[in-house]
Amino acid sequence: QVLVEESGGGLVQAGGSLRLSCQHSGLTFSSSAMGWFRQAPGKAREFVAGVGRSGYTYYRDFAEGRFTISRDNAKYMVTLEMNNLKPEDTAMYYCNKIGLEDGKWVPVYAYWGRGTQVTVSS
């Protein structure tokens, strides 16, 4: 069974930065497109950014220009660099394998890691 573990969250002021990491257990990592999702209290989980097997990246509009996703296949790791954070970025962040369904990026693994909490104060 593939496992993922997210880390790097914290409390920052608006305008600050955080670097999130997702450690994958390794099995099938290099052949998987990976992505970050987030879920704010009372809201549905949403796609944030993704990175394909070859390194091609995908971003939601709210992440474009502020967030940077990358992957290290040798370390089985996906990183999300977040800059100019806003209070509306406050959420639990999760990583998952991603697939394209009806033109949208969706999670592939049925299970989720524990996530990492990002809190942005105004």
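Details
- The stretch 92-122 - residue that is hydrophobic (A, V, I, L, M, F, W, C) and under 11 Å from the mean Cα position of the chain (by Cα) and, of those, most open to solvent (accessible area, probe 1.4 Å): Met92
- Answer residue from the stretch 2-27, given it is touching a residue at least 40 places away in the same chain (Cβ under 8 Å) and out of contact with any strand residue (DSSP E or B) (no Cβ under 8 Å at 6 or more places or on another chain) and is most open to solvent (accessible area, probe 1.4 Å) among those: Gly15
- In the stretch 1-32, the residues that are closer than 17 Å to Tyr94 by Cβ, assigned to a strand (DSSP E or B) and not hydroxyl-bearing (Ser, Thr, Tyr): Val4, Glu5, Glu6, Gly10, Leu18, Arg19, Leu20, Cys22, Gln23, His24
- Of all the residues in the stretch 33-45, those that are open to solvent by less than 60 Å² (accessible area, probe 1.4 Å) and either assigned to a loop (DSSP other than H, G, I, E, B) or free of Cβ contacts under 8 Å to residues at least 40 places away in the same chain (or both) number 2.
- Residue list for the stretch 64-90, filter: closer than 16 Å to Val51 by Cβ and outside any loop (DSSP other than H, G, I, E, B): Phe67, Thr68, Ile69, Ser70, Arg71, Asp72, Met77, Val78, Thr79, Leu80, Glu81, Met82
The values are calculated or read from the model by the stated rules, or taken from the named source; none is laboratory data. Quick caveat: nothing in here was measured; it's all calculated off a predicted structure. Every residue, glycine among them, receives a Cβ derived from its backbone with ideal geometry; neighbour counts consider all protein chains shown. Heads up: the accessible areas ignore ligands, DNA and RNA and are worked out on the full protein's heavy atoms, side chains in. Shrake-Rupley method; radii C 1.70, N 1.55, O 1.52, S 1.80 Å.
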